[in-house]
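Structure first, commentary second.
The values are calculated or read from the model by the stated rules, or taken from the named source; none is laboratory data. The model shown is predicted, which means the values in this text are computed figures rather than measured ones. With ideal geometry, Cβ positions are generated from the backbone for all residues, glycine too; neighbour counts draw on all protein chains shown. These area figures cover heavy atoms from the full protein model, side chains too; ligands, DNA and RNA do not enter into them. Shrake-Rupley method; radii C 1.70, N 1.55, O 1.52, S 1.80 Å.
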Amino acid sequence: DQKAAAELSKLTSVYYIAANNPNTGDSVAVMSEKPSMDVTTEFYINQLKSQLSTVESVSYEIGEIAKEQVADREYDTITATTNVSGIKIAQKYYVYKMDEYFVAIIATSVTGEDGIKDIIKSFE
């Protein structure tokens, strides 16, 4: 539908999927964002790090930017972990730039990196 595509192109952020597993508490979201200016992926992720560090409701431990392959595409990644009610939660952001958009996969798991790896396998 061209009319719907034209309306979507005006948005700065679009979530394509957001799903969770009620049995495990794990979740995944896929989104794109069109920044207001031309920036690099490193700048984008550093902004994300800054935003996470200012969240007052939880205290994130934020890792370093790394690179990782998902489905034959290289993503810049960052992992943030926190404890909520005694449960350690890991959240990993996979980001790449496509034209003027950033595409991100956000995987969240209560079983740490192993849970995140299981989620990301579904993109292979």
Checklist entry - (1) closer than 21 Å to Thr24 by Cβ; (2) open to solvent by 20 Å² or more (accessible area, probe 1.4 Å): which one isn't true of Ile116, the others all being true? => result (2)
Checklist entry - Restricting to segment 64-88, what's the tally of residues that are within 14 Å of the chain's Cα centre (by Cα), open to solvent by less than 100 Å² (accessible area, probe 1.4 Å) and closer than 17 Å to Lys117 by Cβ? => result 9
Item to check | Yes/no for Phe123 being surrounded by 13 or more Cβ atoms within 10 Å (Cβ to Cβ), of a type outside the set (S, T, N, Q) and modelled with pLDDT under 90 | outcome: yes
Next on the checklist: Can you pull out every residue in segment 42-58 that is surrounded by 11 or more Cβ atoms within 10 Å (Cβ to Cβ) and of a type in the set (S, T, N, Q)?
Outcome noted: Asn46, Gln47, Ser53
Checklist entry - Is there a residue in segment 18-41 that is at pLDDT below 95, open to solvent by 30 Å² or more (accessible area, probe 1.4 Å), of a type in the set (A, V, I, L, M) and more than 15 Å from the chain's Cα centre (by Cα)? => result yes
